[in-house]
Ligand SMILES: *Cc1c(COP(=O)(O)O)cnc(C)c1O
């Protein structure tokens with residue numbers, strides 16, 4: 001095979017050449033007097049990516065799960081009550097971690113295909129007049145089911161109850177692709193990772209924290225044990241442009257370029273591109289006569305679509321066919337939806353051409369596996385939508401249709 005495999009899992013995502021080249025450099029001295037010239041501006045620019053003015057962003061050499069752990073162990077105490085919801089493999093794993101770290105979880109167990117239950121949250125928070133709940137957790141984008149939740153709505157529910165709890169958000173498959181207004185929404189810890197919207201290899205656990213979260217860290221009684229993921233050690237060294245241990249220097253070089261690319265395109269344009277490309281994918285799913293795992297349009301994710309195969313078809317067979325026949329990786333169904341859904345990751349460095357490519361492969365794989373669809377139906381529907389709404393391509397080249405319209 002001389003062609004690069006086509007990667008359409010919802011992370012790791014495709015790495016743009018410019019980012020890959022930026023990481024192709026000799027190992028560098030992370031304790032040199034020059035190094036802070038790279039790191040200090042990155043810390044500031046990361047705050048822009050999360051839209052916070054105060055607080056800070058930590059870069060741990062770990063996957064996103066490390067940032068989950070850091071958020072919990074630095075701001076909460078063993079035995080603290082927290083409000084969480086579970087509706088997919090990733091929200092499930094965060095609940096599991098919280099319980100294993102000794103938190104008492106007030107759990108909303110929701111149907112997979114739905115998201116954070118705002119009304120239930122509002123109810124529970126309003127009744128908690130003693131403010132026993134110390135933190136409210138929300139998964140912004142449940143990658144297993146392709147469900148996005150309303151984080152501004154969670155903030156509203158907390159404000160309506162005048163509840164002082166911390167707001168913890170898992171933004172791993174959201175930040176850099178979906179709008180995250182950490183400051184405006186009063187998010188206290190926002191977790192991310194390098195291999196999704198930031199278009200990098202896996203290996204940076206990214207955690208943005210508010211001033212309130214930093215204060216909680218200082219004032220905590222009965223604090224949790226922590227070491228590798230401690231805020232304090234990071235702050236001491238980060239303030240000078242360094243890290244308490246060896247940073248992932250190449251990933252940090254790559255992050256510099258990813259941030260440059262995101263800001264050059266403009267964050268709002270990046271979000272709009274994700275919405276547009278996701279809408280094209282959904283048009284294809286509709287045209288195939290298939291159903292998304294996300295139950296209602298309000299849950300639709302613009303970064304990943306989980307798609308049900310028809311009864312009697314094995315989703316894993318579709319995945320295998322796409323992989324072996326068409327050199328294309330799709331996301332598997334996880335846990336409760338294993339064998340029932342396949343997922344298309346549509347986040348990061350992506351344009352219409354790439355979406356067309358994955359839909360082309362999916363269409364063939366579905367047909368090969370016995371699904372009754374017409375080849376060209378989904379790709380055609382997506383193409384209709386893209387050509388009707390064409391403005392500017394991701395590379396900034398004005399498309400002919402738009403030029404004529406203008
Ligand atoms: C990918 C993902 C994670 C886990 O990140 P890792 O980097 O695999 O540790 C957590 N939450 C969500 C929503 C994700 O998509």
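Any read-out appearing in this document is the output of simple, stated calculations on the displayed coordinates, not a laboratory observation. Owing to the predicted nature of the structure, the values given are computational and were not obtained by experimental measurement. In this analysis, Cβ positions are derived from the backbone assuming ideal geometry, glycine residues included, and neighbour counts consider all displayed protein chains.
Take residue 202 and residue 368, extend 7 Å from each Cα along the Cα→Cβ direction, and tell me the distance between the two endpoints in nm.
About 2.5 nm separates the two model spin labels.
Per residue and in Å³, how big is the convex hull formed by the alpha-carbon atoms of segment 266-392?
Here the figure is 105 Å³ per residue.
What's the Cα-based Rg to Rh of the chain, Rh via Kirkwood? Show your work: numbers first, answer last.
Values: Rg = 21.5 Å, Rh = 22.0 Å.
Value, to two decimals: 0.98.
State, to one decimal in nm, how far the label point of residue 271 lies from the label point of residue 239, with both points 7 Å from Cα in the Cβ direction.
3.3 nm
Could you give the distance between the Cα centres of segment 155-196 and segment 59-134, to the whole Å?
12 Å
Using Cα springs under 10 Å in a Gaussian network model of the chain, which residue among 328, 237, 139 shows the largest mean-square fluctuation?
Of 328, 237, 139, the most mobile in the Gaussian network model is 237.
What's the ranking of 311-318, 30-37 by average number of surrounding C-beta atoms within 10 Å, highest first?
The packing order, highest mean first, is 311-318, 30-37.
In Å³ and rounded to a whole number, note down the convex hull volume per residue for the Cα atoms of segment 263-340.
Normalising the Cα hull of segment 263-340 by residue number yields 125 Å³.
R0 = 35 Å: FRET efficiency of residue 384 with residue 316, Cβ-based, nearest 0.05?
0.70
Summarise the long-distance tail of P(r) for segment 126-166 by giving the % of C-alpha pairs beyond 14 Å.
Percent of Cα pairs beyond 14 Å in segment 126-166: 50.
Using only the alpha carbons of segment 1-123, determine the length spanned along each of the three principal axes and report them from longest to shortest in whole angstroms.
Projected onto the principal axes, the Cα atoms of segment 1-123 cover 52, 44, 27 Å.
If packing is taken as the average number of other Cβ atoms within 10 Å across a peptide's residues, how do 362-368, 298-304 rank, most packed first?
Highest mean packing first, the order is 298-304, 362-368.
Which translational diffusion coefficient, to the nearest whole µm²/s, is obtained for segment 176-322 from the Stokes-Einstein equation, given a Kirkwood hydrodynamic radius over C-alpha pairs, 37 °C and 0.692 mPa s? Walk me through the numbers on the way to the answer.
Numbers: Rh = 18.9 Å.
Result for D is 174 µm²/s.
How far apart, in nm, are two points set 7 Å out from the Cα along the Cα-to-Cβ line at residue 323 and at residue 228?
Placing both labels 7 Å beyond Cα along the Cβ direction yields 2.7 nm.
Based on the Cα coordinates of segment 44-112, what is the per residue volume of their convex hull in Å³?
Considering the Cα atoms of segment 44-112, their hull volume per residue is 116 Å³.
For a footprinting-style exposure proxy, rank 140, 131 by other Cβ within 10 Å, fewest first.
Placing the least packed residue first, the sequence is 131, 140.
I need to check one value: relative contact order of segment 1-125, counting alpha carbon pairs closer than 8 Å and at least 6 residues apart, in percent.
15 percent
For Cα pairs less than 8 Å apart in space and 6+ apart in sequence, what is the mean separation divided by the residue count of segment 202-342, i.e. the relative contact order in percent?
14 percent
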